[in-house]
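One structure below.
The values are calculated or read from the model by the stated rules, or taken from the named source; none is laboratory data. Keep in mind that this is a model prediction, so the values were computed, not measured. Positions of Cβ are backbone-derived with ideal geometry, glycine not excepted, and every protein chain shown enters the neighbour counts. With ligands, DNA and RNA removed, areas are computed over all heavy atoms of the protein, side chains included. Shrake-Rupley method; radii C 1.70, N 1.55, O 1.52, S 1.80 Å.
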Amino acid sequence: MEIIQIVGLGLIATVLVLVVKEQKPMFAFLIAASTGVLIFLYLIGKIGGIIEVLEDLADKSGVQMIYLKTILKIIGIAYIAEFGAQIVRDAGQESIASKIEMAGKVLIMVLAIPIISIIIETVIKLLPA
Amino acid sequence: MNWLAEWLREIIFIVLIAVFIDLLLPNRAMERYVKFVVSLLILLTLLSPVMRFFSADAKDQLEAAFATSWDGLGGDSPGQSTEAILQQGEKLRQKQESEALAWAGEEAARQMKQQIERSTGQQVDRVTVKLRTEPAKVQAGDTGTSPPAAEPVISEVEVVMAQVKPEEEGADPGAAGRGPEVSIAPVDKIKISVNTKENSGESGGAQDQTESPASTAMAGSGDDDIASGELAESRDQSAATSLVSQIEELLQQNWGVDKEAVMVIGAANLNEANAGR
C-alpha cells in the first residue's frame with residue numbers, strides 16, 4: 001500500500017504546485033522540491049533493506065566484499081547525483097543539473113580506476129614481454 | 001575442483017548483483033557508466049584465477065588501491081593526513097636532534113679528555129658528557145622564528161681517571177697532581193656536572209669536602225651516584241682537591257663552565273672504589 005501513499009503525495013503536491021504557480025512560482029518550486037525529498041527519504045529505508053540482503057548474499061557466496069562495496073558506492077553516487085540534478089532541473093537550471101550529473105559520472109569513473117589498473121597489470125603480465 | 005566451484009559461484013553472484021544494480025539505477029544517464037564499472041568487476045572476477053597465478057598479492061593491491069581512492073573521495077579529511085605528515089616530520093626532527101646531540105656530546109668528551117690529559121698530565125680513562133637541550137631556550141625559540149632553536153647545554157661531565165696501582169698511592173702527596181705516574185690514584189672517579197640550577201647547592205658540598213673529610217668516608221665507599229656531590233676521602237686529600245680544582249679551572253676556561261656550577265665528585269681511594277663497585 002505504500003505505493004498508494006506515495007502516488008497520493010505526488011498528486012496532492014502536483015495540484016498544489018499548479019495552484020500556487022500562478023501567484024508565487026517560488027513556493028511552487030519549494031513544494032516540488034520538498035515532495036521530492038520526502039519521497040526520497042521514504043525510499044531510503046527500502047533501499048537500505050535491499051542493500052542488506054545484497055550484503056548478506058555476498059557474504060554467504062564468498063564474493064569479495066570489496067566488490068560489493070564498490071557496486072554500492074556506485075549506486076549511491078548515481079542516486080544522489082540524479083536526485084540533486086532533478087531538483088535543480090525543476091527549478092529551471094538545466095545547466096547546473098547537467099554539471100551535477102557530470103560530477104556523478106566522474107566520481108563513478110574514479111571508482112573504476114583501481115579496477116582498470118589491476119586488470120591492465122594482469123594482462124601485461126600475461127603477455128610475454 | 002574446490003577452487004572451480006568457488007570461482008563459478010563468485011561469478012554467478014557477481015552477475016546477479018550486477019543485474020540487480022542495473023534495475024536499481026535511477027535513470028538512463030548514469031547507466032553506461034555504471035555498466036562499465038560493473039562489467040570491469042565481472043572481468044576482474046573472471047580473471048581472478050589467472051591473477052592468482054601471476055601475482056599473489058593482487059587482492060591486497062586492489063584493497064590498498066580502493067582504500068586510497070576512497071579516502072580521496074572524501075572519507076577522511078585531508079587535514080588529518082596533513083596532521084600525520086606533520087607528526088612524522090616532528091618525529092624525524094627529534095630523532096635527528098637527538099643524534100646530533102649524542103654526536104656533539106661524544107666530540108666534546110673527546111676534546112675534554114685531550115685537554116685534561118695535556119694540562120694535568122694525568123691519564124684519563126674516559127670522559128662522558130651528557131648534553132640536554134635547554135627548555136627555556138626552546139620555548140623562546142618557539143615564540144620566535146623556528147622551532148628547532150633549542151640549544152644544547154652541557155648538563156653533566158663525568159671524568160674517570162685512569163687507575164693507578166695501589167703501591168703508588170704512597171707517593172701521592174709529593175705528586176700533587178702533576179706527576180703523571182702518581183697522584184691520580186686517590187681520585188678514582190671525578191664527576192663534574194655543569195648544571196647551574198640543580199647542582200649549585202651540591203657544589204658547595206663538594207667544597208666543604210676539604211674541611212670535613214671524615215664525613216664523606218661512608219659515601220665514598222658507596223655507590224657512585226649516591227656519592228655525587230662529595231669528594232671522596234682519600235689518603236691524600238690535598239692532591240685530590242688540587243687535581244679536581246685544576247680540572248674545574250680547565251673546564252671553566254675552555255668550555256665556559258661557571259666554576260660555581262661545577263660539581264666535582266670523587267670516589268674514595270682506589271681500594272674503596274673497587275669495593276664499591
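For every residue, the table says whether it meets (1) within 32 Å of the chain's Cα centre (by Cα); (2) part of a helix (DSSP H, G or I); (3) at pLDDT below 80; (4) exposed (fewer than 12 other Cβ atoms within 10 Å of the Cβ).
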site	(1), (2), (3), (4)
B:Ser39	no, yes, no, no
B:Val50	no, yes, yes, no
B:Ala56	no, no, yes, yes
B:Gln61	no, yes, yes, no
B:Asp71	no, yes, yes, no
B:Gln87	yes, yes, no, yes
B:Leu92	yes, yes, no, yes
B:Gly105	yes, yes, no, no
B:Gln111	yes, yes, no, no
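Residue count for the range B:22-37 under the criterion of being at pLDDT below 80 and at the interface with chain A (Cβ under 9 Å from one of its Cβ atoms): the result is 6.
Restricting attention to the range A:53-104 and to residues that are part of a helix (DSSP H, G or I) and of a type in the set (S, T, N, Q), the residue that is nearest to the other protein chains (Cβ to nearest Cβ) turns out to be A:Ser61. Across the range A:10-36, the qualifying residues are those that are in contact (Cβ under 8 Å) with a residue 12 or more places away in the chain and not small (Gly, Ala, Ser), and the one among them that is most open to solvent (accessible area, probe 1.4 Å) is A:Leu16.
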